[in-house]
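Here the structure comes first, spelled out in structure tokens, and everything after it is commentary.
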Amino acid sequence: MLALRDLRVNYGAIEVVHGISLDVAAGECVALIGANGAGKSSTLKAICGLVPVGSGSVQFEGRDITNASGHAIVRAGITMCPEGRQVFPQMSVIQNLRMGAYTRTDKDQDADLGRMMDMFPILRERQTQAAGKLSGGEQEMLAIARALMARPRICLFDEPSLGLAPKIVASVFETLAQIKAMGMTILLVEQNSMMALNLADRAYLFEAGRIVMEGPAKELKSHPDVMRAYLGH
Amino acid sequence: MLIEILQQTINGLAIGGVYVLIALGLTTVFGILGIAHFAHGSVSMFGGYLTFFLVTSQGLPVLAAIPIALVAGFVLGLLIEIVAYRPVRHANHINAFIVALGLTMMVEGINLQLFGHEQIVIPTGLSKVFRLGGVTVPELRIYVIIAAIVLVAAMMLFVERTKTGQAIRAVAENRDAAILMGVNVNSIPLIVFGISTSLGVAAGIMVGALFAIAPGIGEGFVVKGFAVLILGGLGSFPGAILGGTVLGITESIAAGFISSAYKDVIAFVVMILVLLIRPQGLLGRSP
């Protein structure tokens, strides 16, 4: 479904992703794990058109979307739930959710809004409040729901657990598992490697802008190098 | 005394409406692009001049000239965005600042070349005066107040109720997140400049009909517009509305009770006092 080939990403003269290739098949949940600064988030941003691709290609459902503009990529069916939640702080919860459906013109948007609030009852409770007044965990739920409102074909999650209390992190992962069970194709970037590997079908391990290991999540979880470096065993 | 206050309040509402329309344009542009669009006043007055020209030289009825001027304002806004501000969008903010100053001088020059240095008043033919109790209200002033309310309400509805309006807010609040929602961030500034300039032109027409337009008037209004933004709270729509109304009424009351020569001084003194107590503006959020 999504295929990256020899992708390089640079910020000015500094290259942060040095030619990576990865694939996500429809219905799959793929995790990108690795240390801070390994190039995982930059990879996601390059897919979404937020940072330019230096060289290499991004293919989505057979179409080349390398360096397409951000809004065109969303219309193609790729939605990202960004790092740090990035809700629209002064807009209400409902307005944030409706922004998620910005590219849609169908009549099911209201029904989807109801479904999101069934899935996240806290959002129904807070629907008229400004998103900026919500707690971190609530904002994460809002960001996830907002991403789903686009009815994406693939949903990218960038560090969904970052900066949240352990209890909230667990509930974020429960939510992701729920979304996975709905059949959503997921590409997840996460520093919490254990949680990510528990959720994902497959994973890629990033180190300094390169992919150094890939395979089924179960295998990576029991690989001695991964255990030592990332899982704290 | 009470009648006099009421009288000046109504006068103030008319001029306040002009301030609000100018400030709404400025605050929307500032919110999206982070630029202080100084040329806004001169461009607004261009709209007033254009209406005057259409009515006096082309013999159009005022009601026909106004929509033409509003559409011309919209197109002019698009041009300003594409030609003046788009090239410096990714540059340092000081570049946009210099462009804004240059544009102000250019538009002032164009106004002077096209319409001359004489002050002009748009002939509306509305000369009836209503007397309610002891308060005299020229009918023109009532129409101006109503038009301002309608335009402000339309703008609020547009921003709150339409997808495009919500996208404008979204870009102002978080540009990257707006891109991730599928908002085309290249077309939003165009829409913003088009609408803002149209609102400005409406204000220019009001100034031309209520008072008079002359070279330099536009700069005065843009300064007032920014003052309104700061008074109301930067980036706040309700703040701009409240700020403009308060400034208009303060000025009128100052002119009526003290001296019209000091009305600006008094208005700014009131503004400074408000900001001393509420540095974030009347409806601004505390930092």
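The values are calculated or read from the model by the stated rules, or taken from the named source; none is laboratory data. Since the structure is predicted, the reported quantities are computational estimates derived from the model, not experimental observations. Cβ atoms come from the backbone with ideal geometry, glycine included; neighbour counts cover every protein chain shown. Just the protein is used for accessible areas: all its heavy atoms, side chains included, with ligands, DNA and RNA removed. Shrake-Rupley method; radii C 1.70, N 1.55, O 1.52, S 1.80 Å.
Angle, helix B:163-173 long axis vs. longest principal axis of chain B, Cα atoms, 0 to 90°, nearest 10?
The answer is roughly 80 degrees.
Cut-off under 23 Å on the C-alpha distance; same-chain residues fewer than 8 positions from A:K218 excluded. Which lysines are left, in chain and number order?
A:K40, A:K180
Evaluate the Debye formula for the range B:112-163 with equal point scatterers sitting on the alpha carbons, no solvent, and hand back log10 of I(q)/I(0) at q = 0.21, 0.26, 0.32 Å⁻¹, in q order, two decimals.
Debye output, listed in q order: -0.84, -0.95, -1.13.
Mind listing, in residue-number order, the residues in the range A:25-74 that have at least 40 Å² less accessible area with every protein chain present than in their own chain alone (1.4 Å probe)?
With the partner chains in place, the range A:25-74 has these residues losing at least 40 Å²: A:L50, A:H71, A:V74.
Compute the length gained on full extension between B:A64 and B:I94: take 0.36 nm times their separation in residues and subtract their Cα-Cα distance, giving the result in nm to one decimal.
Result for the pair: 6.8 nm of gain on full extension.
How far is helix A:136-148 tilted off the main Cα axis of chain A, in degrees rounded to 10, range 0 to 90?
The two axes meet at around 90 degrees.
Probe radius 1.4 Å, ligands and nucleic acids ignored: give me the carbon and sulfur share of the accessible area of chain A as a rounded percent.
Ligands and nucleic acids excluded, carbon and sulfur reach 50 percent.
For the range A:27-168, treating each Cα as an identical point scatterer without solvent, what Debye log10 I(q)/I(0) comes out at q = 0.22 1/Å?
Per q value, in the given order, log10 I(q)/I(0) is -1.42.
Accessible area per residue of chain A at 1.4 Å probe, in Å²?
Accessible area per residue, chain A: 41 Å².
Remind me, relative contact order of chain B in percent, using alpha carbon pairs under 8 angstrom and six or more residues apart?
37 percent
Modelling each spin label as a point 7 Å along the Cα-to-Cβ direction, I'd like the B:I82/A:S21 distance in nm, to one decimal.
Placing both labels 7 Å along Cα→Cβ, they lie 4.4 nm apart.
List the aspartates and glutamates whose Cα lies under 16 Å from the Cα of B:K224, skipping any in the same chain that are fewer than 8 positions away.
Of all the aspartates and glutamates, those that pass the test against B:K224 - Cα under 16 Å, at least 8 places apart if same chain - are B:E251, B:D264.
From the protein chains alone at 1.4 Å, what is the descending order of accessible area for B:S42, B:S198, largest first?
Result of the area sort, largest leading: B:S198, B:S42.
Once both labels are modelled 7 Å past Cα along the beta-carbon direction, what's the A:A208-B:V75 spacing in nm?
Computed distance between label sites A:A208 and B:V75 equals 6.0 nm.
Can you pull the percent of the range B:2-215's accessible area that's carbon plus sulfur, 1.4 Å probe, other chains left in place? Can you show the working numbers first?
On the way: 6400 of 9040 Å².
Accessible surface attributable to carbon and sulfur in the range B:2-215 totals 71 percent.
Note every residue of the range B:172-217 with a reduction of at least 10 square angstrom in accessible area, all protein chains present versus the isolated chain, computed with a 1.4 Å probe, or write none.
At a threshold of 10 Å² (probe 1.4 Å), the residues of the range B:172-217 that become less exposed are B:E173, B:N174, B:D176, B:A177, B:I179, B:L180, B:M181, B:G182, B:V183, B:N184.
Quick one: compute a quarter of the convex hull surface over the Cα atoms of the protein assembly as shown and quote it in nm².
Computed as one quarter of the Cα hull surface, the answer is 28.3 nm².
Measure nothing but the geometry: give the 0 to 90° angle between the long axis through the Cα atoms of A:166-181 and the longest principal axis through the Cα atoms of chain A, rounded to 10°.
90 degrees
Leaving ligands, DNA and RNA out of it, rank B:K263, A:K40 by accessible area with a 1.4 Å probe, largest first. Spell out each step's value before the answer.
On the way: B:K263 65, A:K40 10 Å².
Order by accessible area, largest first: B:K263, A:K40.
What value does the range A:79-233 have for Rg/Rh, both radii from Cα atoms and Rh as Kirkwood defines it?
A ratio of 1.01.
Please list the equivalent ellipsoid semi-axes of the range B:2-215, computed as the square roots of five times the alpha-carbon gyration tensor eigenvalues, in descending order and whole angstrom. Walk me through the numbers on the way to the answer.
Details: eigenvalues 204, 91, 44 Å².
Each semi-axis is √(5λ); the values are 32, 21, 15 Å.
Lys and Arg at +1, Asp and Glu at -1: add these up for the other residues within a Cβ distance under 11 Å of A:Q90 and post the number.
Working: positive: A:K133, B:R169, B:R285; negative: B:E173.
So the surrounding residues net to +2.
Taking the solvent-accessible surface of protein heavy atoms with a 1.4 Å probe, what is the per residue accessible area of the range B:2-215 in Å²?
Ligands and nucleic acids excluded, the figure is 42 Å² per residue.
Could you sort A:H223, B:H40 by their accessible area in this structure, using a 1.4 Å probe and putting the largest first? Could the numbers behind the result be given before it?
Details: A:H223 65, B:H40 0 Å².
Result of the area sort, largest leading: A:H223, B:H40.
Between B:I110 and A:T105, what FRET efficiency follows from the Cβ-Cβ distance if R0 is 56 Å, with the result rounded to 0.05?
Values: r = 41 Å, r/R0 = 0.74.
About 0.85, to the nearest 0.05.
Using a Cα-Cα cut-off of under 18 Å, which lysines could be cross-linked to B:K163, ignoring same-chain neighbours fewer than 8 residues away?
By straight Cα distance, B:K163 reaches A:K107.
How much accessible surface does B:Y49 have with a 1.4 Å probe, in Å² rounded to 10?
Approximately 0 Å² of B:Y49 is accessible to the 1.4 Å probe.
Kindly compute the accessible surface that chains A and B hide from a 1.4 Å probe when together, both sides summed, and give it to the nearest 100 Å².
Result for this pair: about 2000 Å² buried.
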